[in-house]
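Here is the structure we will look at.
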């Protein structure tokens with residue numbers, strides 16, 4: 001799992017939902033971990049951890065693998081590089097390990113100097129920033145992983161379908177102005193015309209239900225039962241649609 005997430009970062013959504021009540025963007029599920037713009041930037045100056053031996057190998061192989069398999073999907077590229085790593089002679093793996101260890105020594109020395117230069121208040125702020133970054137990175141890595149694994153797009157609401165259709169022709173210069181314009185158009189749209197979008201949304205829900213069942217079956221077959229909605233519901237009492 002760790003290797004896959006690292007590979008996904010080396011390679012490197014869901015649509016924003018719109019409120020039919022006011023026409024604005026709904027809060028992102030990641031909004032609770034996104035720090036304010038004025039938040040400190042200690043992490044920007046903090047020494048970066050060296051790449052692991054596998055990520056070094058992955059980056060070395062990525063361009064070669066893509067050139068050799070131009071039509072391959074990201075997941076197939078990840079699998080192919082993983083296969084090459086498994087078949088790599090131990091002597092060559094040790095070279096990547098040695099490079100990692102050498103960089104780790106340098107990293108620890110730089111980190112010690114960095115920490116000694118911080119005041120107590122700066123250290124406390126750094127802890128908070130590190131936690132926020134870790135949560136954000138974990139959530140984004142999970143999202144990228146699901147994209148690479150081909151998880152189906154969620155079904156759209158009638159209003160979202162209408163928004164995507166009318167947004168370009170809506171009046172207004174800014175994003176918010178255009179969204180407000182579409183919302184006003186939606187409010188006065190006759191029920192008979194709204195029904196067209198309701199039916200499209202119903203069709204999209206059927207599409208999603210069929211695709212997610214097929215995708216979850218594939219995930220179960222490859223040993224990724226942790227991604228199934230039933231498993232997520234057991235863990236935290238929610239269902240990921």
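The values are calculated or read from the model by the stated rules, or taken from the named source; none is laboratory data. In this text, all values refer to a predicted model and were calculated from it rather than measured experimentally. Note: ideal-geometry Cβ built from the backbone for every residue, glycine included; neighbour counts use all protein chains shown.
Annotations for the structure displayed:
- Here the condition is being within 30 Å of residue 224 (Cα to Cα) and either not assigned by TED's automatic domain parsing to the domain that holds residue 218 or not in a helix (DSSP H, G or I) (or both); of 139, 99, it holds for 139 alone.
- When the helices (runs of 4 or more DSSP H) confined to segment 41-95 are screened for residues that are farther than 30 Å from residue 129 by Cβ and more than 21 Å from the chain's Cα centre (by Cα), those reaching at least 3 such residues are found at 53-68, 74-87.
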